[in-house]
Amino acid sequence: MTDANCIFCRIARGEIPCAKVYEDEYVLAFLDLAPVHPGHTLVIPKTHHKDMLEIPAGLGSAVFAAIQKVAAAVLEATGAQGFNVMQNNRLAAGQTVFHIHWHIIPRFEGDGLEMWAQGKYADGAAMQQMAAKVAACL
Ligand code: 5GP
Ligand code: ZN
């Protein structure tokens, strides 16, 4: 499960260098080339899957364990007080590399980074309606 032209597959195969921080049988973690803050790390499965709808659920535990390990190390190495785990799915959500990856972004108190705009529902009924609509698609 590798893609000849995918940049992250090429990194996983060792064809393109990366600043590696962690590797195991299933997962690789390396620094993002364009960090939000230094220490911003990407965790990827070594196999090629585009996004959350395509990755086998069974890989989740390996990814989860790697995120925990790497995030703890990023906190210690950077002195950050917190971190965000972000994962973009598809172009509309800001995904630019179509090999699934999780961003571990170290955060510092008062760093001013605003990731979420404030949205809201018209009222409680509108919120319940949306929940029902999503549930009906499961
Ligand atoms: P996305 O926008 O798809 O969630 O995130 C892709 C991330 O991959 C971006 O933050 C970008 O800086 C990073 N990136 C893209 N190409 C490379 C690369 O060749 N090496 C590294 N280390 N990071 C990359
Ligand atoms: Zn790939």
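The values are calculated or read from the model by the stated rules, or taken from the named source; none is laboratory data. From a predicted model like this one, the values you see are computed outputs, not experimental measurements. Note that each Cβ is placed from the backbone with ideal geometry, even for glycine, and that neighbours are counted across all protein chains shown. The accessibility values were calculated without ligands, DNA or RNA, using every heavy atom of the protein model including side chains. Shrake-Rupley method; radii C 1.70, N 1.55, O 1.52, S 1.80 Å.
Would you confirm, using the coordinates I've provided, whether Glu15 is acidic (Asp, Glu) and modelled with pLDDT under 95? The answer is no for Glu15. Of the residues making up the range 121-134, none is open to solvent by less than 40 Å² (accessible area, probe 1.4 Å) and of a type in the set (Phe, Trp, Tyr). Return the pair list, or none, for Cβ contacts closer than 8 Å from residues in the range 116-138 that are assigned to a helix (DSSP H, G or I) to residues that are surrounded by 10 or more Cβ atoms within 10 Å (Cβ to Cβ) and among the hydroxyl-bearing types (Ser, Thr, Tyr), at least 6 apart or on different chains. From the range 116-138, the pairs are Met127/Tyr121; Met130/Tyr121. The single condition from (1) open to solvent by 90 Å² or more (accessible area, probe 1.4 Å); (2) within 13 Å of ligand 1 (Cβ to nearest atom) that Gln68 fails is (2).
Filtering the range 16-61 to residues that are open to solvent by less than 20 Å² (accessible area, probe 1.4 Å), within 16 Å of ligand 2 (Cβ to nearest atom) and not in a loop (DSSP other than H, G, I, E, B) leaves Val27, Leu28, Ala29, Phe30, Leu42, Val43, Ile44, Pro45. Which of the residues that make up the range 24-57 are of a type in the set (Asp, Glu), away from ligand 1 (no atom under 14 Å from the Cβ) and under 18 Å from Ala71 (Cβ atoms)? If the condition is that a residue be of a type in the set (Asp, Glu), away from ligand 1 (no atom under 14 Å from the Cβ) and under 18 Å from Ala71 (Cβ atoms), then Asp24 is the only one that fits. Would you call Met1 assigned to a loop (DSSP other than H, G, I, E, B), open to solvent by 40 Å² or more (accessible area, probe 1.4 Å), away from ligand 1 (no atom under 15 Å from the Cβ) and of a type outside the set (Asp, Glu)? Criteria met by Met1.
Within the range 82-115, the set of residues being closer than 20 Å to Met52 by Cα, of a type outside the set (Val, Ile, Thr) and open to solvent by 90 Å² or more (accessible area, probe 1.4 Å) comprises Arg90, Leu91, Ala92. Tell me, yes or no, whether the range 71-81 has at least one residue that is crowded, with 17+ Cβ neighbours inside 10 Å and either in contact (Cβ under 8 Å) with a residue 60 or more places away in the chain or within 16 Å of ligand 2 (Cβ to nearest atom) (or both). Within the range 71-81 (the criterion being crowded, with 17+ Cβ neighbours inside 10 Å and either in contact (Cβ under 8 Å) with a residue 60 or more places away in the chain or within 16 Å of ligand 2 (Cβ to nearest atom) (or both)), the answer is no, since none of the residues qualifies. Looking at Glu109, Glu25, Glu76, just one residue is more than 29 Å from Ile7 (Cβ to Cβ), at pLDDT 95 or above, charged (D, E, K, R) and out of contact with any helix residue (DSSP H, G or I) (no Cβ under 6 Å at 6 or more places or on another chain), and that residue is Glu109.
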